[in-house]
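Single-structure report; data block below.
Read-outs throughout are calculated quantities, based only on the coordinates presented, and are distinct from any laboratory measurement. In this text the structure is predicted, and so the values were computed from the model without any measurement. Every residue, glycine among them, receives a Cβ derived from its backbone with ideal geometry; neighbour counts consider all protein chains shown.
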Amino acid sequence: MTRIWNDPADFADEMTDGFAAANGRHVQRVTGGVVRSTESPRGQVAVVVGGGSGHYPAFGGLVGQGLAHGAAMGNLFASPSAQQIQAVAKAADNGGGVLFTYGNYAGDVLNFDAAQERLRAEGIPCATVAVTDDIFSAAPEERHKRRGIAGDLAVFRIAAAAAEAGNDLAGVERLARLANERTRSIGVAFSGCTLPGAEEPLFSVPEGRMAVGLGIHGEPGIDETDIPTADGLAELLVAKLLEEVPEGIAAAGARVVPILNGLGSLKYEELFVVYRRVAQLLEAAGLVIVDPHVGEYCTSFDMAGTSLTLFWLDDELEALWETPVDAPAYRRGSVTPAQLKAANGNGAADADAVPESDEASREAAGTVRAALEVIAATVDANVDELGRIDAVAGDGDHGIGMQRGAKAALAAGSAASGAGAGTTLARAAAAWADKAGGTSGALWGVILTGVAERLGDHGKPTAADVAAGVADGAKGVMDYGKAEVGDKTLVDALVPFAEALQRNADAGADLPTAWKAAAEDASRAAKATAELLPRMGRARPHAEKSLGTPDPGAHSLALIATAIGELFEGRNHHA
């Protein structure tokens, strides 16, 4: 368990500050994460990695000469926001474009893709390679759905080495994709991990048992077995990986880099005992071992577990693998120290001026702020339950993420003094997406932005305006996240809510009446998700485990819709 923290909500930021302070020779702190503190050649492609915090040395520990140029670092087990990623990429950019590479998780994909679109609009070329090395998270024919775990290291190293070698953005992307196609991993755990301030681990494993096929965000394993001996564990890991040799490769005579990764609490001595047998088995299969790695490369906070990665080399990849690296947590070969660069000035920008608004819209902004207060209070009251529901098949952080987002939205909305309803809600939406990170942060930012644009800053919003905004938000969520009704996501409650609100507003109902009826539809729909199997997100690999439990995103949306309906009804009666 985690024993040292101040305010758990500040843990990731304070950790990043301390990491940067301790490693000034390699990195400097910027908005959203860290970048190299050393100069890079002008025109060199910038490799930007990232994901949630809690995986050290991934991701900040892998920033330095010969490896990543920057790392976007989200909250614990939550993807960085699009704003954070964009800020890190701009600070890392050398004029040669940006290659994003990260583990293939829904929130990371949403936010990195959004940042990529924004950067391209600013004229910065970008490309992306999501790492998909975890063989247990999807079948071979659906490799694009697999998660990224410790195989991140292989892809990150090749991408960065390709950039160091002077390849252009297309060349760096090609080589990173080749590395990903030739990387396979499998992980096991003996106990779950506990986030700062939490009383219970995100998942637990029965005494004497081992979870197989776990994720690195506290997701439970896909299978479970008795704990084997060290040799038995090595045999399980190697056998599973050799069942899926990358296409076009003959195992006998192939050259591989084995990476035996500790997930946080296993001792190095234990890993060496396991690796002893791994090496024997690989050699017996006719493989040639190149540069074996045994240690911690991508952890899961304090989880007791390990993963084995096989990176299958060819001549081109092996030459790049020899590129010297000097990063805070990873060093290979001898690097000629580069000159330190000046401190980066991409800190928080001054608040934008408040757009003009009329009295009616400023009065409506008071209702927006009251709704934000209700949202924050509702999430606070249900944060533990939301986390419990999410931990059944996901990583258990939905309540924490919603809490961060709702509090940030309330603070931003409250700070928008003198603003109209649209601007007040738009600033709340941006703050929610930025501070919450993850999938839910991005999607709630889309929902609130859709409503904000319909509210505007002039005139009193009507029920039709609000309904149109919610409908816009629902469409935006489906376009952005690619989920549909029936996938067991927030969409399963959002779409019925939006449709009912639109229908009731079109029929002439006032906002309190239309909203209350729509909230009832959302609650019924959220409850019904208990009978669905997830087809998207982190719960997808654990589909059967989620039966009988509602989707946490749908459930939280229904709770919030109901609470806001009560606010509207109370104000209507008071009026």
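Determine Rg/Rh for the stretch 295-336; Rg is computed over alpha-carbon atoms and Rh is the Kirkwood hydrodynamic estimate from the same atoms.
1.06
Any idea how far apart Arg503 and Glu566 come out in nm if each label point goes 7 Å out from Cα toward Cβ?
Output for this residue pair reads 2.5 nm.
Can you work out ³J(HN,Hα) from phi for every residue in the stretch 292-308, in order, using Karplus 6.51 cos²θ - 1.76 cosθ + 1.60 and θ = phi - 60°, giving whole Hz and x for Gly and Pro?
Per-residue couplings from phi come out as x, 10, 9, x, 9, 10, 8, 9, 9, 6, 10, 5, 8, x, 8, 9, 10 Hz.
For the chain, take the longest principal axis of its alpha carbons; what is the angle in degrees between that and the long axis of helix 511-528, to the nearest 10 within 0 to 90?
Orientation of helix 511-528: about 30 degrees from the principal axis.
For a quick check of your reading of the filter: which GluC sites (Glu not before Pro) in the stretch 356-433 sit in a DSSP loop and have no more than 15 other Cβ atoms within 10 Å? It would help to have the intermediate numbers written out before the result.
Details: sites: Glu356, Glu359, Glu363, Glu373, Glu385; in loops: Glu356.
Sites meeting the loop and neighbour criteria: Glu356.
Among Val88, Val256, which comes first, second and so on when ranked by fewest other beta-carbon atoms within 10 Å?
Val256, Val88
Helix-derived [θ] at 222 nm for the chain: sum -39500 (n - 2.57) over DSSP H runs of at least 4, divide by residue count, nearest 500?
-15000 deg cm²/dmol
Based on the alpha-carbon gyration tensor of the stretch 359-574 and its eigenvalue square roots a ≥ b ≥ c, which shape applies: rounded if a/c is under 1.5, prolate if not and a/b is larger than b/c, or oblate?
prolate
Specify which labelled value, from [x] 34.2; [y] 27.0; [z] 25.4, agrees with mean projected area of the Cα convex hull in nm² derived from the coordinates of the model shown.
This structure yields the entry labelled [z].
Between Ala528 and Glu359, what FRET efficiency follows from the Cβ-Cβ distance if R0 is 51 Å, with the result rounded to 0.05?
The calculated FRET efficiency here is 0.75.
PRE reach from Glu270 (point 7 Å along Cα→Cβ): which of the stretch 211-230 fall under 14 Å by backbone N?
211, 227-230
Note the full-extension length gain between Val485 and Val288 as 0.36 nm times their separation in residues minus their Cα-Cα distance, in nm to one decimal.
Additional length available on full extension: 66.0 nm.
Report the longest stretch of the chain that contains none of the trypsin sites (Lys or Arg not before Pro) sitting in a DSSP loop with at most 10 other Cβ atoms within 10 Å.
Values: sites that count: Arg3, Arg42, Lys267.
Longest stretch, sites excluded: 268-575.
Which GluC sites (Glu not before Pro) in the stretch 115-211 pass both tests, a DSSP loop state and at most 15 other beta-carbon atoms within 10 Å?
Passing both the DSSP loop test and the Cβ count: Glu122, Glu199, Glu207.
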